[in-house]
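The values are calculated or read from the model by the stated rules, or taken from the named source; none is laboratory data. Computed from a predicted structure; not experimentally measured. In this analysis, Cβ positions are derived from the backbone assuming ideal geometry, glycine residues included, and neighbour counts consider all displayed protein chains. Accessible surface is based on the protein model in full, side chains and every heavy atom, while ligands, DNA and RNA are left aside. Shrake-Rupley method; radii C 1.70, N 1.55, O 1.52, S 1.80 Å.
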Amino acid sequence: MKKVLLLLTVALLVPGLLSAQTMGVYFNENPGQMAYSPTTKAFEAQLYIHAADYYVTAVEYMLLTPDDPTHALMWLAGVAYPDNMSVEWGDPFDDTVGHNISYWPPLNGFVPGYNLMATYTFYIPGPPEQSPCHGMVDFPIVVAANPDSGLLRGTYHPDNLPFPIIGLTSILCIGEIAVEEESWGAIKSLYK
Amino acid sequence: MFKGKVLLFSLLLVFATSVYAGDVDECQSEAGVSICCMQISCCPAGDFQNIWEEGGYIWVEVKDALGVGIPGIPWTDFWLDACVPKPDSIEVGDIPPYMLCLCPGAIVADSLTNASGRTTISGRLALGGCVLTGGIYIAVQGKILEVYPECLDYICLDLILKSPDRNADCYVGVSDLVYLADSYNEGVGDPDYDQCVDWNHDGIVNISDFAFLGAHYTHGCF
């Protein structure tokens, strides 16, 4: 009976989580992917909302870089918006106000399922000869709650009621696990 | 020739009807609201909230000096404004919560007045600004309706009007955004809570109100 209840809970819970609205930073060079190792010091990234299932009229959030809380390693050089952006205030890196964006006409969160909310231009400072990923390994960029409200959420047309959003984590400068070639016999001998 | 005479006669009938309708008497006429304490959000473009969405309406009974209802008053012959007089001068940034900016066609009745001189107003208002206290007055054909029988004071309807055009300049712009930002995430009881920017009347200024501002941004009078 307990197993049945547990299976039922998981069966009901998982689809709910999968259908939740999410916001994440995706990389221009690898559309649809959230991990990227930049090859130039300036590069773009896009903020998308996924599976909104609403006509989205506004969002409030901030971007966190836990490995670089003062943003010394990576700067936000600029933000561009889709044509239907109406009003915005704050800054994605601002830890007091955060960033608010409104859209009119609303974003159609039903089709195609991914909605572009903003395009960031990031810049990694340093000498030109230095690799952009110098000193940065598995560098996370987190879509987090707006610091003013304490919430990561959007609003939907027509009454602009709020709905919760799950923030996703993207990774810059993907760390690689070192490997060396070895024969199969040598591996087998390790287990004798 | 015959057609010309028919046309002239028809025109005379139309004018005669309006003339026969009698002069509006501001003291005999009456106005009121169907339910108490409605809060209406308006935009200079006239595209925000309908009065009926609050579950009520404004009613007006237009009468002549003898107290007889005047039928046929056109739906465009009505006007409104805040009962509290505007101050002579206003400091920059200090827009009091009883000022309105009225656009052409700010208020339109639902129909001509009926045989009793009655009509209702339940649609959208095209205005900016904010009135929290003091109420609003109704004018018919330029005459502001007064409280019977003293006829000394205006009839002030118990209505709260708000607009994303917070500074009452008939335009929703960055100046209005500042008011929203100053009150953001403040609720009833908080010192910086500004009811004038709480456009969904839920007691807190938050992302929902931000979204309403975004929907009406750059709107002005048509």
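Does the stretch B:190-222 hold any residues that are open to solvent by 50 Å² or more (accessible area, probe 1.4 Å) and more than 22 Å from residue A:163 (Cβ to Cβ), and which are they?
Within the stretch B:190-222, B:190, B:191, B:192, B:195, B:218, B:221, B:222 qualify.
How many residues are open to solvent by less than 50 Å² (accessible area, probe 1.4 Å) and either at pLDDT below 95 or not small (Gly, Ala, Ser) (or both) if we restrict to the stretch A:131-146?
9
Restricting the first residue to the stretch B:190-202 and requiring it to be at negative phi and within 11 Å of chain A (Cβ to nearest Cβ), which pairs with a second residue that is open to solvent by 60 Å² or more (accessible area, probe 1.4 Å) and not basic (Lys, Arg) meet a Cβ separation below 8 Å and a spacing of at least six or different chains?
Pairs found: B:200/A:159.
Filter the stretch A:34-53 for residues that are touching a Pro at 6+ places or on another chain (Cβ under 8 Å) and open to solvent by 60 Å² or more (accessible area, probe 1.4 Å); which is farthest from the other protein chains (Cβ to nearest Cβ)?
Step by step, filter the stretch A:34-53, then rank; the result is A:39.
Restricting the stretch A:54-71 to residues that are open to solvent by 60 Å² or more (accessible area, probe 1.4 Å) and assigned to a loop (DSSP other than H, G, I, E, B), which is nearest to the other protein chains (Cβ to nearest Cβ)?
A:54
Can you tell me which residue among B:128, B:32 is at pLDDT 95 or above, open to solvent by less than 20 Å² (accessible area, probe 1.4 Å) and within 30 Å of residue B:180 (Cβ to Cβ)?
After ruling out the rest, the residue left standing is B:128.
What's the total number of residues in the stretch B:203-222 that are among the aliphatic types (A, V, I, L, M) and more than 7 Å from every other protein chain (Cβ to nearest Cβ)?
Residues that pass the stated criteria total 2.
Does the stretch B:126-146 contain at least one residue that is charged (D, E, K, R) and either more than 14 Å from chain A (Cβ to nearest Cβ) or within 16 Å of residue B:31 (Cβ to Cβ) (or both)?
Scanning the stretch B:126-146, I find at least one residue that is charged (D, E, K, R) and either more than 14 Å from chain A (Cβ to nearest Cβ) or within 16 Å of residue B:31 (Cβ to Cβ) (or both), so the answer is yes.
At least 2 residues that are of a type in the set (Gly, Ala, Ser) and touching an Asp or Glu at 6+ places or on another chain (Cβ under 8 Å) in each: list the strands (runs of 3 or more DSSP E) lying fully within the stretch B:93-175 that qualify.
In the stretch B:93-175, B:127-131 are the strands (runs of 3 or more DSSP E) which contain 2 or more residues that are of a type in the set (Gly, Ala, Ser) and touching an Asp or Glu at 6+ places or on another chain (Cβ under 8 Å).
Restricting to the stretch A:84-124, name every residue that is open to solvent by 30 Å² or more (accessible area, probe 1.4 Å), under 21 Å from residue A:158 (Cβ atoms) and either part of a loop (DSSP other than H, G, I, E, B) or touching a helix residue (DSSP H, G or I) at 6+ places or on another chain (Cβ under 7 Å) (or both).
A:84, A:104, A:110, A:111
Kindly indicate whether residue A:149 is within 14 Å of chain B (Cβ to nearest Cβ), out of contact with any Phe, Trp or Tyr (no Cβ under 8 Å at 6 or more places or on another chain) and not aromatic (Phe, Trp, Tyr).
Answer is yes for this residue.
Among the numbered criteria (1) surrounded by fewer than 17 Cβ atoms within 10 Å (Cβ to Cβ); (2) closer than 15 Å to residue B:106 by Cα, which one does residue B:138 miss?
Failed condition: (1).
Residues of the stretch A:153-168 being open to solvent by 20 Å² or more (accessible area, probe 1.4 Å) and hydrophobic (A, V, I, L, M, F, W, C), which ones?
Selection gives A:161, A:166, A:168.
Would you please name the residue that is nearest to residue B:106 (Cα to Cα), looking only at residues in the stretch B:162-189 that are within 14 Å of chain A (Cβ to nearest Cβ), open to solvent by less than 50 Å² (accessible area, probe 1.4 Å) and polar (S, T, N, Q)?
B:183
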